[in-house]
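Visitor: Before I ask anything, let me first share the structure, which is written out below as structure tokens.
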Amino acid sequence: MKSFLKTLLLASSATAADLYDYKTNGADWGDLTAVPDNKCGAAGKNQSPIDLKTKGWTMKHSNFDNFNKIYTDQTIDATVKWNGHTSQVALTATQLEGNQNLISSGHGADQHGGHTTYEAVQFHFHAGSEHTVDGVRQDIEMHTVHLATATKSGFIAAAMGIMFSVNDYTPGVSEADVAIIDNFFESLEWTNTASNPTVSKIPYGQLMMMFNMRDRWTYKGSVTTPPCAENVYWNVLRTIYPVKQKYVDQFKNQLARKAGLEKTGNWRVTLPLGDDHDPVNLYSNLDLWDTGSLKAPTPVTPAKPAATTPAAGGAATAAPAAGGATAAAPAAAGGQVSLQQQGTIIVQHQGYLQAGAPPMQYPQPQQYYAPPPPVYYPAP
């Protein structure tokens, strides 16, 4: 864990940035002999980024992920640092000790063999996006780097990638969510290209809690900058969120702090997909993936079963109580009573209470019903 943290610090430091550039967008990084333990070239097996596919990959329903997240706004030493190749914010030690920025993913353990829980340590940006979707690159990609709370099967880190586009974003993002995005980018003070501003608040928690993380791609990959260390549990959100052109321009002005970077961008070329990447499409709405549409996922709204009229000589059927309680059915053939057991899965609603947003409780649960076959018991 400590050695990988040192690798992260190397990859994000100004000194490391002097060892490589983006003139070929990383195509020549495998030849960098000055970078210790370099996995960017032939030595690498499951490198990142990759081209994400909307069809043809393994699909898995996100209900089985048992995914949980908690992220907080940054109010302690919130410094927006230019590290030589990107704009980066380190999540403060005080908040990390309180486990206030983390993800937990059962899918990461079950599918990819890694640990379940990862603590966030920093976030940064790339323009254009490092991952592409069916060959299409977006305007900005934001990465949050997490460290595993325990090492398992070689996995020592996880990354959460979110893509933003000025014009080609996913339809259906609410005005309240757009306001959260605008407030976040405004707080970074990217208009300042002369220093590293320390700001009073970065609404990072509001942003990350708003994102839909149920629909996403996952795979086993690497860090996207030298030395391209591997065994990273990658998560990239399916939803592409809107960003205003002015924020894209401001970030490109940040990139201009290193000569020529605003022209090449700070994205690495996509790498070939190998057997070890094991990519998966996690979905909450199968129609979304089947059609390849970028339509925003629609939560399943369960219908409440109506009370059944009792048969002759039978007891009335009670409508299920809130939360999916079991209801008794009238006598069936053969003197048996059918009990329809209503299975319920509670999924965290990934909204966030924000001034001016529609009233909601946080977190607000949504119910997804999956009734099993009837179970029969002898009639009394």
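What follows draws every value from the coordinates through simple rules; no lab data is involved. Not measured: the values here are computed from a predicted model.
Visitor: Extension gain Thr191-Ile76, at 0.36 nm per residue separation less the Cα-Cα distance, in nm?
Guide: Values: separation 115, 0.36 × 115 = 41.40 nm, distance 2.12 nm.
Full extension from Thr191 to Ile76 adds 39.3 nm.
Visitor: Would you list which aspartates and glutamates come within 15 Å of Lys60, measuring only between C-alpha atoms, while excluding same-chain residues fewer than 8 positions from it?
Guide: Cα-Cα hits under 15 Å: Asp110, Asp215, Asp278, Asp287, Asp290.
Visitor: Take every DSSP beta bridge with both residues inside region 2-291 and express the antiparallel ones as a percent of the total, to the nearest 5.
Guide: Numbers: 43 of 56 bridges.
Here the share of antiparallel DSSP bridges comes out near 75 percent.
Visitor: Determine the shape class of region 178-297: with a ≥ b ≥ c the square roots of the Cα gyration tensor eigenvalues, call it rounded for a/c under 1.5, and otherwise prolate if a/b is greater than b/c, oblate otherwise. Intermediate results must be reported in sequence, preceding the final value.
Guide: On the way: a/c = 2.08, a/b = 1.33, b/c = 1.57.
It comes out oblate by the Cα gyration axes.
Visitor: Over region 58-178, what is the relative contact order in percent, taking alpha-carbon pairs closer than 8 angstrom and at least six residues apart?
Guide: Values: 209 pairs, mean separation 23.2, N = 121.
Over region 58-178, the number comes to 19 percent.
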